1. If I ask for residues that are in a strand (DSSP E or B), open to solvent by 10 Å² or more (accessible area, probe 1.4 Å) and not basic (K, R), which ones from region 326-344 would you list?
2. Collect the residues in region 210-230 that are within 16 Å of R135 (Cβ to Cβ) and either touching a residue at least 60 places away in the same chain (Cβ under 8 Å) or in contact with a Cys (Cβ under 8 Å, 6 or more places away or on another chain) (or both), keeping them in residue-number order.
3. Do any residues in region 371-396 that are closer than 30 Å to I69 by Cα have Cβ atoms under 8 Å from those of residues that are of a type in the set (K, R) and assigned to a helix (DSSP H, G or I), where the two are at least six apart or on different chains, and which pairs are they?
4. Counting only residues that are over 30 Å from the mean Cα position of the chain (by Cα) and open to solvent by less than 20 Å² (accessible area, probe 1.4 Å), which one in region 134-181 is farthest from N196 (Cα to Cα)?
5. What's the number of the only condition in (1) more than 27 Å from the chain's Cα centre (by Cα); (2) within 30 Å of L203 (Cα to Cα); (3) at pLDDT 85 or above that T129 fails to meet?
6. If the requirement is being outside any helix (DSSP H, G or I) and of a type in the set (A, V, I, L, M), which of these qualifies: L366, L405, L438, L428?
Amino acid sequence: MMFSYYLRVLIATYIIHIVNSQRLGLGINNNGGVDVVRHERYEYHVPHHHHPQRQSPFDGIFPGIIITIASSYLQWWNEGRAVRDVKLISTAQKEVVELDSTADTDTINNGKLIHITGYISTQNGLTDTDHGLHRKDALQLIRLTEEYQWKETKSERRNRVSDTEVKVTTEYGYHKEWSKRFRESNRFESPGGHYNPPPSYQLGQQIYTVNDATLDSSGLHIRPDLINQIAHPDYIMKVAGKGINNFQSVEYKRRINLGMGEDLPHRDNAVISPHGLYYSSELGNYRQQPSYISYTDNKPLEVIDDTKQRTPVVKFEPQPIIGDVRVNWREVIAPPDGVSILAQQYNNELIPWYNPNNDGGYIYSLLPGQYTAKEMIEKHIGKHKLITKILRVTGWVGSYYGLSLILGCIPAMIRALPFGIGSFVQPLANIATSTIALSVSVGLSGTVMALAWLRFRPFLATALAFISGLGFFSPYIITLRMKRTDEVMGAKSE
């Protein structure tokens, strides 16, 4: 009987698939300039009431065990990291050496944690050799290359038309936008008319960092991994075209200087726009016939006469077409107020300083501005405490959720009690299991923290162990107190 039922379902599914799942594509160009392709199909579904899904009350036990173990491990690892960081900071506060950036490097400080303030400088700056852009004062040069492309979006609607059929309408929308990654149009649902040409340039973001940065007359070399820590919005400047002066403030922008413009790749298809460098195949005849260039915001492009620069400069960026590429840069400059550094000195290098006790962790910090060693260490402590608290809360929430899944089988089994008893008792069981999960998770978290801190701070570990014990036995203590209260009230009433 059951076999014949499934056989009929299989035959019906096959017939409906053949007859109704044919797809109809409709191309639509709506007012927003977005191409839309719509497909429709029908799916056959067995009515849900024929095969109700039954969930076992024990389904959450295994996932709950996994989550609880993972959360406990996260707490253990976090507390171990916190212990190591406390040791590291304690040792750093005792051993840090103050240096004068104007003094000559003294090898007597090799291997020591030093604190030094000063001003960063570079002799050569940075050059983007791909496009001939040179920035003589830049500590970092951040290049972003984008291509104007088609982008596909997908949306789906499902409408049940009968007990056994669902109408599925899928729409694929196509619109144009600047993208820093290449989208292969041959994977589109409707590649015809939405072709993205492969880019001639590396798309995305590339970062160049100087290798010759030094700190004042001390001659200490500032490595790129320290320069990366300057990345603060106040010291990141946008490199802009010369036409920027005509309609925008230049207080936070710097002009483009293509010192190697004669070596620019595809130079005949390039112009310098207010935002950077712009490549387009439509710009090939630009110098001879500038009127061929498209308009932007109903304003014609204008060439700023600059005989020293072979690449034309325009006031307004061209109206983009598919395949156009634009390149813009940002540069990180040396903070005008100087920098403060905590690191290990090794000859004329600044490298990470590790705890001599080999407990793990290191200090390797650069902050824009003038800070004392004490202030920098306090900032390190504040960052360390914030991370520790976030991971502690995450571990506790995970433990509570995992224990709730494990204990969830109890209300599920109580719900199955006959004569309506299960429906009446289940809410009370939910409250009881949630209370137990909360108490045990607090106790478990406290125990893990106490064990991690036992070797370093025994008094704190003892206090945490006491708190965790209260967490484990709190349900028993609360019940005992309620029982005693009832006995006292009963005695008084007699």
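The values are calculated or read from the model by the stated rules, or taken from the named source; none is laboratory data. Values in this document were obtained by computation on a predicted structure and should not be read as measured data. Because the Cβ atoms are built from the backbone with ideal geometry, glycine has one as well, and the counts that use them run over all protein chains shown. Just so you know, the surface numbers come from the protein's heavy atoms only, side chains and all, with ligands and any DNA or RNA stripped out. Shrake-Rupley method; radii C 1.70, N 1.55, O 1.52, S 1.80 Å.
1. Listed by number, the residues that qualify are N328, Q344.
2. V210, D212, A213, I227, I230
3. Listed pairs, sorted by first residue: T388/R81.
4. V166
5. Result: T129 fails condition (3) only.
6. Answer to the selection: L366.
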